[in-house]
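Derivation of every value follows stated rules applied to the coordinates shown; laboratory data play no part. Note that the coordinates shown come from a computational prediction; the quantities given were computed from them, not determined experimentally. When we count neighbours, we look across all protein chains shown, and the Cβ atoms used for this are built from the backbone with ideal geometry, even at glycine.
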Amino acid sequence: MEMPLVSYVLTAYNIENFIEESVKCAFNQTYQNLEIVLSDDCSTDKTFDIMKKMADEYKGPHKIVLNRNEKNMGISQHMSRCYIELASGEIIIAAHGDDISVPERTQISVDFLLENPEYTAVSMGVIATDKNGLPIKTKEHNATVDEFHSYDFETGGNIPAPSRAFLKKVMTIFGTLNHDCPTEDELITFRALMLGKNAFLPEIGVYYRKHESSNSNPEYFDRFPLEKILKQQNDDMEKAVEFGLITKEQKEAKYNKLYKGMVIRKRYRRYFADRSISNLIKLIKPNDISFRGKLSYIKQHILYINNER
């Protein structure tokens, strides 16, 4: 089987303490027909200098594409540029400049997508680590499954962004994300689900570094307004209806479900910011969460309390 050109896209911004190890992971990928895109979003520290030095000294088999944005574009616009303009591969391996990918990550992802053409995106297991790359004692930040999981547009499901691989057409068909869209995370998954199925593999592909600057920290929730994420999803669904990918009825039903989910996520953010009992009660008291869902939140809280002791 002829192996297609694949783009391993590593994006970075102000992570000089971690970028060297992440670039090494890109260089160490075992897949052969690989293009490595190293893109910096106009960092104010030495992130790009390190990337450039490593790119200049690289003697391996992979093609290197080095980019530094002239001004800071923000997450969604930076990702859009990387995935649509800079990447040439049929398949994109998304990597963040503070994470650690296993050498086989690209090969496993590409093999799956080639053998299962009905799938447009795939993720592998993600293990959370501290800033030194050591697994975090508590496992609540891990994203893993014990067996293969499959999702479609009707069932939904956001596969982990740090280990995601997807067909480039997921971005090119829908185009650049909105300028005020705060993230690419669940939106690439959402687009991929309108074009095919998404998969979550049990193999561990990425070690996801948690540190004081991580965007997932509760103090940064305000950077990612949920209304703007919902607007991007609605805009993408309108295009999908126009392209004949989904029906108007599917769009309306999905929008209502997404809106309900946004309301719950807002309450969850308030709870997660301080993990107080009062906010837990506010989270689970309304009837828009199933009994099973409420039990899940209670179990998460008990696990958190036990780990903090």
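Note on the chain: Kirkwood hydrodynamic radius from all Cα pairs is 20.3 Å, rounded to one decimal. When the Gaussian network model of the chain links Cα atoms closer than 10 Å, the mean-square fluctuations of E147, E203, E184 top out at E147. Computed over the chain, the per-residue total of -39500 (n - 2.57) for DSSP H runs of n ≥ 4 gives a 222 nm mean residue ellipticity of -12500 deg cm²/dmol, rounded to 500.
Using C-alpha pairs below 8 Å separated by at least 6 residues, the relative contact order for the range 160-306 is 21 percent.
For the range 253-303, the Cα-based Rg and Dmax, in that order, read 11.1, 34 Å. Within the range 1-91, the percentage of alpha carbon pairs spaced more than 15 angstrom apart rounds to 56%. Taking one quarter of the surface of the C-alpha convex hull of the range 128-261 gives a mean projected area of 9.0 nm². Among the GluC sites (Glu not before Pro) found in the range 16-87, those both in a DSSP coil and sparsely packed, with 11 or fewer other Cβ atoms within 10 Å of their Cβ, are E70.
Report note on the peptides 283-294, 224-235: ranked by the mean count of other C-beta atoms within 10 Å, highest first, their order is 224-235, 283-294. Taking every Cα-Cα distance in the range 64-200 and sorting them into 5 Å bins starting at zero, the pair-distance distribution P(r) comes out as 2, 9, 19, 22, 21, 15, 9, 3, 0 percent.
Could you give the dipole magnitude of the chain about its Cα centre, charging the beta-carbon of Lys and Arg +1 and that of Asp and Glu -1, in debye to the nearest 20?
It comes to approximately 1220 debye.
Over the C-alpha atoms of the range 152-212, the Rg to Rh ratio, Rh being the Kirkwood estimate, stands at 0.98. Under conditions of 25 °C and 0.890 mPa s, the range 91-158 yields 175 µm² s⁻¹ as its translational diffusion coefficient, taking Rh as the Kirkwood radius over Cα pairs in the Stokes-Einstein equation. GNM remark for the chain: springs join alpha carbons under 10 Å apart, and the peak mean-square fluctuation among A240, A273, A161 falls on A273. Checking the cross-link pairs K71/K131; K59/K210; K71/K169; K197/K257; K63/K197 against a 24 Å limit on the alpha carbon distance flags K71/K131; K59/K210; K71/K169; K63/K197 as lying beyond it. Inter-label distance, Q32 to K260: 5.1 nm, where each label sits 7 Å from its Cα along the C-beta direction.
For chymotrypsin sites (Phe, Trp or Tyr not before Pro), no site in the range 81-145 is both called loop by DSSP and has at most 15 other Cβ atoms within 10 Å. Distant-in-sequence amide contacts of E203, defined by a placed amide H-H separation under 5 Å and a gap of 5 or more residues or a different chain, comprise G125. Short-range pairs are left out: with C-alpha atoms under 8 Å and at least six residues apart, the relative contact order of the range 235-309 is 19 percent.
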